[in-house]
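Participant: Here's a structure for you.
The values are calculated or read from the model by the stated rules, or taken from the named source; none is laboratory data. These figures come from a predicted structure and were not determined experimentally. Positions of Cβ are generated from backbone atoms using ideal geometry, with glycine treated the same way; all protein chains shown enter the neighbour counts. Just the protein is used for accessible areas: all its heavy atoms, side chains included, with ligands, DNA and RNA removed. Shrake-Rupley method; radii C 1.70, N 1.55, O 1.52, S 1.80 Å.
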Amino acid sequence: MKKATAFAPASVANVAVGFDTLGYANAAWGDRVTAVRTSALGVKVVSITDFSGKPLPFDLPKDHLKNTAAVGVASLLEHTQADFGLELTIEKGIALGSGLGGSAASAVAGVFAANALLPSPLKKIELLKFCLAGEKVASGAAHADNVAPSLMGGLTLVESLEPLVIQTLPLPKIWTLSLREHVEVKTEQARAILKKEMTLQESVIAQARMGAFVTGCFKNDLATLARVMKDDVIEPQRCHLIPHFLELKKAALAGGALCFSISGSGPAVFAWFDSKLSAAKVQDELADVLTKKRIAFDSAIGEIDRNGAKLV
Ligand code: HSE
């Protein structure tokens, strides 16, 4: 094969109880990367557009040392000692600084497409470290809670970064609502404002909630999930970056959401529901709130995507 195209879904990281560790795939949005073999070595980004080939309303670097897809692909080619290079065409379905794992999805789609062109492609899970190398250039820190679900699909828990180990959790039967106000939040800045320490009491609560969350997923126990999917540590430090966050949260919980919190570093937010009907009702209510305030947004209801990256 000389050419391969891959799609990688957006992802919701942190999931209220697992800062930098939990994430799930959300195929309502995603990025697509086409890799074409070249005889010249190295990785070159030839274009970055939206899905219809139009220029993006935001700037992304084409530089092979700064572009997340290029860096991820280069690390894969180096590791496998490939005797060819690749040209990448990137199509973005995820806006920059949206909190939906856009930089991760480009890295994942690039690495997944490139892998298909190798004489002996690696297994999907073996690609994770190359995706992470790409993601790292965008956020300034290695966190695999976006790349893991975008690559593998489902709900993932990053057990450790070194060595890189992830666990895939069983999916509770829920519907998700994601909503993104059209404002940009830079992950690097949203990380810089976080206090660096937690108190012992905060840590005790966080451990208990994470344990109960995992149990709730295994048992499909939505009442437990609703009780523990709360974030009193990161969310209060970041919610001022998202216009009207508290108003949206109050409306979602009053409308029956099991949980409501920030997706990754925002501005996207997510909520879980026990039925598609209540998700749709709350989607309309949140739309009303933002429309009255003249804030542009988009939103999507769906189930957690089980596939992750795929060739298209
Ligand atoms: N866990 C990361 C953060 C995800 O919250 O900073 C960024 O998308």
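Participant: With (1) within 19 Å of Val12 (Cα to Cα); (2) open to solvent by 20 Å² or more (accessible area, probe 1.4 Å) as the list, and Ile304 as the residue in question, which single condition is left unmet?
Facilitator: (2)
Participant: Could you tell me which numbered condition Pro163 fails, if it satisfies all but one of (1) open to solvent by 70 Å² or more (accessible area, probe 1.4 Å); (2) assigned by TED's automatic domain parsing to the domain that holds Thr291; (3) of a type outside the set (D, E, K, R)?
Facilitator: Just one mismatch for Pro163, condition (2).
Participant: Shifting gears a bit: Considering only region 20-44, how many residues are within 13 Å of the ligand (Cβ to nearest atom) and crowded, with 20+ Cβ neighbours inside 10 Å? Steps first, answer last, please.
Facilitator: Going through region 20-44, the residues within 13 Å of the ligand (Cβ to nearest atom) turn out to be 20-24, 26.
From the residues that got through so far, the ones that are crowded, with 20+ Cβ neighbours inside 10 Å too are 21-24, 26.
Final tally of qualifying residues: 5.
Participant: Which number in (1) over 21 Å from Gly53 (Cα atoms); (2) over 12 Å from the mean Cα position of the chain (by Cα) marks the one condition that Ala113 misses?
Facilitator: Ala113 satisfies all of (1) over 21 Å from Gly53 (Cα atoms); (2) over 12 Å from the mean Cα position of the chain (by Cα) except (1).
Participant: Would you please name the residue that is nearest to Gly101 (Cα to Cα), looking only at residues in region 45-86 that are among the hydroxyl-bearing types (Ser, Thr, Tyr) and open to solvent by less than 40 Å² (accessible area, probe 1.4 Å)? Full working, then the answer.
Facilitator: First, pick out the residues of region 45-86 that are among the hydroxyl-bearing types (Ser, Thr, Tyr): 47, 49, 52, 68, 75, 80.
From what is left, the residues that are open to solvent by less than 40 Å² (accessible area, probe 1.4 Å) are 47, 49, 68, 75.
On the way: Ser47: 20, Thr49: 17, Thr68: 11, Ser75: 20 Å.
It comes out as Thr68.
Participant: Next up: Just the residues that are in a loop (DSSP other than H, G, I, E, B), modelled with pLDDT of 95 or more and within 13 Å of the ligand (Cβ to nearest atom), please, taken from region 99-143.
Facilitator: Looking only at region 99-143, we keep the residues that are in a loop (DSSP other than H, G, I, E, B), and these are 99-101, 117-123, 140-143.
Narrowing further to those that are modelled with pLDDT of 95 or more: 99-101, 117-123.
Passing the criteria: Gly99, Leu100, Gly101.
Participant: Checking Lys173 against (1) more than 16 Å from the ligand (Cβ to nearest atom); (2) in a strand (DSSP E or B): exactly one of these is not met. Which one?
Facilitator: With (1) more than 16 Å from the ligand (Cβ to nearest atom); (2) in a strand (DSSP E or B) applied to Lys173, the lone miss is (2).
Participant: Based on what the data block shows, is Met229 within 15 Å of the ligand (Cβ to nearest atom) and either among the β-branched types (Val, Ile, Thr) or surrounded by 13 or more Cβ atoms within 10 Å (Cβ to Cβ) (or both)? Give the steps one after another, and end with the answer.
Facilitator: Values: within 15 Å of the ligand (Cβ to nearest atom): no; either among the β-branched types (Val, Ile, Thr) or surrounded by 13 or more Cβ atoms within 10 Å (Cβ to Cβ) (or both): yes.
Judged against the criteria, Met229 is not a match.
Participant: Mind listing just one residue for me: the one in region 144-153 that is within 11 Å of the ligand (Cβ to nearest atom) and part of a loop (DSSP other than H, G, I, E, B) and, of those, surrounded by the most Cβ atoms within 10 Å (Cβ to Cβ)?
Facilitator: Taking the candidates together, the pick is Asn146.
Participant: Checking Glu235 against (1) open to solvent by 40 Å² or more (accessible area, probe 1.4 Å); (2) out of contact with any helix residue (DSSP H, G or I) (no Cβ under 7 Å at 6 or more places or on another chain), only one condition comes out false. Which one?
Facilitator: That leaves (1) as the condition not met.
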